[in-house]
Amino acid sequence: MKNQVVNLACPFHPVKVSPGFYKKDLADFHLDIMGWCGYNCTYCSSPWGNYLRINRESFADITEEQLGERTYPLTNPYLTFQYPDFVEKLDAQLGGVDKSFGEGRELVFSQLTDGFSPIALGRGITRYALDRIIESTSFTIRVMTKNAVVGTDPWIRYFLQNQERFIIGLSIGTTNDDWQRQVEMGTSSPSARIKSINKLINAGVRTYTMVCPVFPHVLNGDLFKDLLEQLNPVKQEHIWTEPYNDRTNWDIVYDGLDDGHPDKSWLYHCYKLKNYYMWSDYAADLYERILKQSEADGWEDKFTYLLYEEHIESQDVHRFGDLQGVLLQCAKDDDEYSKHSDFRNLQIELEARGYRIAG
């Protein structure tokens, strides 16, 4: 199905601070060149971000005016929000800043959307936006994409020409290309993304990988081990990993999966039947796997495990050991410890033993 494109007014300041990615140790600022990108990842959490959530009904009004039907990103993954006035707004913002703006800071391109999605590339705004950030600011630019095009020769040359300014990352959660057909429609295949990250590594471009979301089927057999090995973490700057976190969209993911897919049964039993202990066990299993693999291959200091800990069952907390690599994502209590009583007790115990607790 072809993307349904809706025109929205670009935010007055496209370059914005990023509290959400700051707490993930990913970036201080973000730049999104679209409101809702042309990729169709059924698990996408962007509709629950402030921008799309707060403007949900007003954007639906505009969508209805332009397309003749009232539809939302949550229920229509083919919907795309683009900014016809993006270049004007970006130029206006950057025209008023000093070149030192962003010095010592990282800017993620992009946080809520994919700046390398085909519609953005086709309009030429991807390259334009990156050029302007390089020319007018001092940010280090952390590219995050699901498009393997970043590993092609023209883009590799571009990144190398500005080598001190770029860190290039791809989001990859499986080696299974059939997954892309069912859940990540429109993106490059996982195998193409893996090939792309390795081309970037071999060319000398600074790289990282978002190994997320990793769905339960990837933990079957040696799939996760194979994925990590193919990504060559020891040659990358960092690896971020995260389990699937339901944003009231599990049924959309469920509907997109083939009937025989193992995650379909897992989603049904975990969320439909409310057996939430299954998520806790799966999240702990994922952590144990990456910790074991990183220690075996010598890159245990290069991974961050992003965990929304409120849904971890008490019996699984011990599986996170001394919280090596774990970055807890839920809102903290007033004393900066986790609101989850068991994690809070673990944090206090570890600090008493001399451990430095992340986050």
Under the classification rounded if a/c is under 1.5, otherwise prolate if a/b is larger than b/c and oblate if not, where does the stretch 258-359 fall, given a ≥ b ≥ c as square roots of the Cα gyration tensor eigenvalues? oblate
Check cross-link reach from residue 23 to the lysines: straight Cα distance under 21 Å, and skip same-chain residues fewer than eight apart. 302, 332, 339
Exposure proxy check: 36, 279 ranked by fewest other beta carbons within 10 Å? 279, 36
FRET efficiency (residue 330, residue 223; Cβ distance; R0 30 Å; to 0.05) is 0.60
Using alpha carbon centroids, what distance separates the stretch 169-226 and the stretch 243-321, in Å? 17 Å
Per the helix-only model, the chain has a calculated mean residue ellipticity at 222 nm (DSSP H runs of ≥4, -39500 (n - 2.57) each, divided over all residues, rounded to the nearest 500) of -10500 deg cm²/dmol
Order of 289, 353, 70 - criterion: other Cβ atoms within 10 Å of each residue's Cβ, fewest first: 353, 70, 289
Please list 3J(HN,Hα) in residue order for the stretch 13-25, calculated via the Karplus relation 6.51 cos²θ - 1.76 cosθ + 1.60 where θ = phi - 60°; whole Hz, with x for glycine and proline. 10, x, 7, 10, 5, 10, x, x, 7, 5, 6, 9, 6
Would you order 152, 63, 207 from fewest to most other beta-carbon atoms within 10 Å of each residue's own beta-carbon? 152, 63, 207
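No value in this document is a laboratory result; all are computed from the given coordinates. Keep in mind that what you see is a predicted model, and the values were worked out from it rather than measured. Quick reminder, even Gly has a Cβ in these numbers, built from the backbone with ideal geometry, and neighbours come from all protein chains shown.
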